[in-house]
Structure formats: structure tokens, C-alpha cells
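Worksheet for the structure shown next.
Here, each number is a calculation from the coordinates, and none is a lab measurement. What you see is a predicted model, and the numbers here were worked out from it, not measured in a lab. All Cβ positions, even for glycine, are placed from backbone atoms using ideal geometry, and neighbour counts span all protein chains on display.
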Amino acid sequence: MTAQAYALTDQAFDTQRAFRSLLEAMSRPGKIISVGGQVSFPTVLQPSTAAIALSLFDHDTEIWMGDGIAGIEVYDFLKFNCGCPMTKSSLTADFAIICAESDLPSVMQFKQGSDAFPDRSATLIVQAPDLVTGPPVTLTGPGIEHESVLTVAGIADYFWQERREQNSVFPRGVEIVFTSGDRVVALPRSTRLGD
């Protein structure tokens with residue numbers, strides 16, 4: 001399949017719907033949200049990952065791809081549909097696409113933002129086997145009334161521990177969006193992880 005064959009079925013509508021769904025997920029950490037939309041995409045990507053890419057990536061966003069994602073098919077898909085440049089340095093990436101079933105990189109190897117410009121941190125899009133069968137991780141913070149529980153499968157303990165350590169450096173830290181199928185669940189940098 002050529003890069004030109006990849007697209008959202010109704011690009012304007014589906015892109016807006018995916019964007020709104022992602023905003024809802026970011027404002028309600030721990031809540032699983034469907035991004036909807038029917039997309040054609042490289043088989044290595046989850047439908048929700050492809051929808052997020054088509055909604056957020058553009059010629060001003062640098063993309064880093066981890067093991068199990070990086071490949072010519074994904075590169076062509078993103079280049080044709082989004083025009084985004086790729087980077088081999090995770091430290092310069094605005095977005096990273098990561099496969100949880102491959103070797104999860106350290107959250108510290110991505111842009112953390114600064115106290116003055118926390119929004120200059122990276123957003124990690126982590127493809128997971130599913131969002132409901134993993135060990136429970138307790139969340140508190142903005143958008144959560146009391147606490148929420150995240151149950152993403154396939155995430156290594158060290159990844160959670162490193163993200164817990166970022167609680168102490170807020171407002172710096174990465175944003176994380178977990179994807180599986182057509183669904184997403186978000187972990188903004190303002191969300192605190194319990195022990």
C-alpha cells in the first residue's frame with residue numbers, strides 16, 4: 001500500500017474528533033476514551049496512534065520512533081500525511097511513538113521542559129497490549145476528583161518508577177498517552193502516581 005492510500009475516511013471530521021477525544025483524555029487522567037474514526041494506517045501502529053498522529057503532528061513537530069515502530073512504512077505514512085521531520089535524538093523530539101512490547105526507553109531521555117516553559121516537554125505515545133489488565137497504578141491530581149486507577153498492560157516497573165520520580169520536578173516532565181486499539185488513556189505531567 002502506498003503512502004497516498006493512507007488517510008482518515010473524513011479527514012477534517014475525524015481529525016477534529018480524535019483531537020477532542022485526546023483533550024478529554026488529558027483533562028481526565030486515567031479515563032479510557034475512544035478516539036473513534038476509521039483510518040488506514042501501517043499495521044505496526046494502533047488505530048488510536050495513527051489518529052493522534054494525524055491530529056497533532058505537522059511540519060513543526062519532530063518525531064522519534066522506538067524499536068518495533070521505526071520503519072519505512074511508518075516513516076512514509078507520517079511524512080506524507082503530516083509532513084513531520086523525524087529525529088534520531090530522543091532529546092530533541094516533540095513526540096515519541098513507543099511500543100511497550102519492545103524495549104521501553106527511560107522517560108528521562110526525552111525533553112522535560114523547564115520551569116519557565118514546561119510545555120516544551122515531549123509527549124510519549126506508548127502502544128500497549130491493552131489498557132485494562134495491567135497492575136493498578138493510583139493517580140491523583142487535576143481532573144481527578146479523589147483518585148483514579150490506571151491498569152495499562154505491558155509496562156515495565158522501572159518505567160512507572162521513573163514517572164513517579166517526576167512528581168517531584170513538576171511542572172517539568174513528559175506527557176504520556178497510552179494507546180490500544182481505538183482507545184487512549186492519558187497521564188499528564190501534572191498527575192501524581194501513588195507508591
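Miscellaneous remarks
- With Cα atoms, 0 to 90° folded angle of helix 72-82 axis to the chain main axis: 90
- Computed about its Cα centre, the charge dipole of segment 3-190 is approximately 240 debye, with only Lys, Arg, Asp and Glu carrying charge at their Cβ.
- Amide N proximity, segment 134-161 versus D67 label position 7 Å along Cα-to-Cβ, cut-off under 16 Å: 155-159
- Residues D115 and Y158, FRET efficiency given R0 of 25 Å [Cβ-Cβ distance, rounded to 0.05]: 0.45
- A dipole drawn for the chain from +1 and -1 charges on Cβ atoms has a positive end, and of S21, P47, F170 the residue lying farthest that way is F170.
- Degrees, to the nearest 10: 47-56 long Cα axis against longest axis of the chain: 90
- Summed over qualifying helices (DSSP H, 4 residues or more, each -39500 (n - 2.57)) and divided by its residue number, the chain shows a 222 nm mean residue ellipticity of -7500 deg cm²/dmol.
- Exposure proxy for D103, D182, D76: other Cβ atoms within 10 Å of each Cβ, ordered fewest to most, give D103, D76, D182.
- The chain: most fluctuating residue of S34, S148, S106 per GNM, C-alpha cutoff 10 Å: S106
- Interatomic Cα distance distribution for the chain, bins of 5 angstrom, percent: 1, 8, 17, 22, 22, 16, 9, 4, 1, 0
- In degrees, nearest ten, helix 11-27 long axis to first principal axis of the chain (Cα): 10
- Length added when fully stretched, N167-D60, from 0.36 nm per residue minus Cα-Cα: 35.7 nm
- Size of electric dipole in segment 65-143: Cβ of Lys, Arg +1 and of Asp, Glu -1, about Cα centre, debye, nearest 20: 240
- Cα-based Rg of segment 77-179 normalised by 2.2 N^0.38 Å, two decimals: 1.13
- Neighbour-count order for M65, M26, fewest beta carbons within 10 angstrom listed first: M26, M65
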